[in-house]
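Below: one structure, written as structure tokens.
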Amino acid sequence: MEGLVMSLAKQVVILCGAISPERDVSLRSGRAVAKVLPEARLVELEKNEIPSWLDASRHVVFPVIHGDYGEDGRVQAELEARGIAYAGCDAQASRLCIDKVATKKIMREAGVPAIPEVAFQGSQKPSASDLMSHLGNQIIIKPADKGSSVGLYVLQGLKEVEAALQQIPATGQWMAERRLMGREMSIGILGGRALGIVEIVPKTGVYDYQTKYTKGSTEYLYPAPLDSLLAERISRAAEKLFQAVGGRDFARADLFLEPTGDFYFLEINTMPGMTETSLMPKSASCSGLDFAALVQRMLAPAWQRSNSIKTNPT
């Protein structure tokens, strides 16, 4: 607590917005965080660039920038280059985790369950028959370097897969996986420790971008009704994944539990949503943390790092 008290002269700056398909969600996250940090300064970015007035000697940053700029390590790298302390995973971990293919490679090396994928460039798409021969009749296609279910295709049969491949632009990184059937779940990680497991039950049967951010379109069960031994296995695997990717402060991991009892992690999100429908606050509530307490816990390590940063006069 001493480090926290020493830093109180500095102002918390909440960065949200920026330019990405997830700008609106980021704005909602930023405003929600600002409500429980009344002394903080809320900055809604209009471009993918941190403000020039940010100063390591006067500010500590809480970024809630969803999408490319916030999740691919760029905003973290800009803050690091200027010696500004900020909450959340560092640039290196963020760059890794935005790449789902690279993350799944780390999962396998760490012994965290992950299903096979077929990765491809938008300019070099595989044929529908090739994908189905590797992955089966029901397939998920999604960008390999985006978040929040942006560009998600849930497909069944040759015609649907062919049509989706025709719609996919000839740019970017993509991946296909067999569609997992069963129970979709998410688990927050705070300070390296797993929080509660949230079960996601979308009314449409698919947890896509619209369903994720539309109130009333999804039922959430938290804590998820699970056997205690299974819940423990999932929690320990999430912690192992967080450590394997070089996680710091907090993150959120997403997974599927199949009827067989097998579970597979899909990805780990270094900039989890903090809106009224977000999973991270639900996960934290299972561990007795309300929204305000969660935000304080997410921010606390950045205060401590701020005290250790030595700034040079410009």
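Filtered by the rule that a residue be among the β-branched types (Val, Ile, Thr) and either in contact with a Leu (Cβ under 7 Å, 6 or more places away or on another chain) or modelled with pLDDT of 95 or more (or both), the stretch 256-314 gives Ile268, Thr270, Val295.
All of Leu180, Leu195 fail the test of being part of a loop (DSSP other than H, G, I, E, B) and closer than 27 Å to Gln243 by Cα, apart from Leu180. For Tyr153, the stated conditions do not hold, so it cannot be described as of a type in the set (Ser, Thr, Tyr) and under 30 Å from Ala302 (Cβ atoms). Condition first: in a loop (DSSP other than H, G, I, E, B), of a type outside the set (Lys, Arg), in contact (Cβ under 8 Å) with a residue 60 or more places away in the chain and in contact with a His (Cβ under 8 Å, 6 or more places away or on another chain). Can you find one or more residues in the stretch 256-263 that meet it? Among the residues of the stretch 256-263, not one is in a loop (DSSP other than H, G, I, E, B), of a type outside the set (Lys, Arg), in contact (Cβ under 8 Å) with a residue 60 or more places away in the chain and in contact with a His (Cβ under 8 Å, 6 or more places away or on another chain), which makes the answer no.
The set of residues in the stretch 287-302 being among the polar types (S, T, N, Q) and under 15 Å from Ile187 (Cα atoms) consists of Ser287 alone.
The combined condition, being surrounded by fewer than 18 Cβ atoms within 10 Å (Cβ to Cβ), within 23 Å of the chain's Cα centre (by Cα) and in the same structural domain as Val13 (by TED's automatic domain parsing), is not fulfilled by Glu71. The condition of being at pLDDT 95 or above and closer than 18 Å to Ala114 by Cα holds for only one of Ile187, Ile140, that being Ile187. Could you please let me know if Ile168 is touching a Gly at 6+ places or on another chain (Cβ under 7 Å) and outside the structural domain of Gly73 (by TED's automatic domain parsing)? Against the criterion (touching a Gly at 6+ places or on another chain (Cβ under 7 Å) and outside the structural domain of Gly73 (by TED's automatic domain parsing)), Ile168 qualifies. In the stretch 58-66, the count of residues that are buried (at least 18 other Cβ atoms within 10 Å of the Cβ), modelled with pLDDT under 95 and under 20 Å from the mean Cα position of the chain (by Cα) is one or more. Take the stretch 198-225 and flag every residue that is among the charged types (D, E, K, R), at pLDDT below 95 and not in a loop (DSSP other than H, G, I, E, B). Once the filter is applied, which keeps residues that are among the charged types (D, E, K, R), at pLDDT below 95 and not in a loop (DSSP other than H, G, I, E, B), the stretch 198-225 yields Lys212, Glu219. With respect to (1) out of contact with any helix residue (DSSP H, G or I) (no Cβ under 6 Å at 6 or more places or on another chain); (2) surrounded by fewer than 20 Cβ atoms within 10 Å (Cβ to Cβ); (3) of a type outside the set (A, V, I, L, M, F, W, C), the lone exception for Glu22 is condition (2).
The values are calculated or read from the model by the stated rules, or taken from the named source; none is laboratory data. What you see is a predicted model; the values in this text were computed from it and never measured. Note that we place each Cβ from the backbone using ideal geometry, even for glycine, and neighbour counts take in every protein chain shown.
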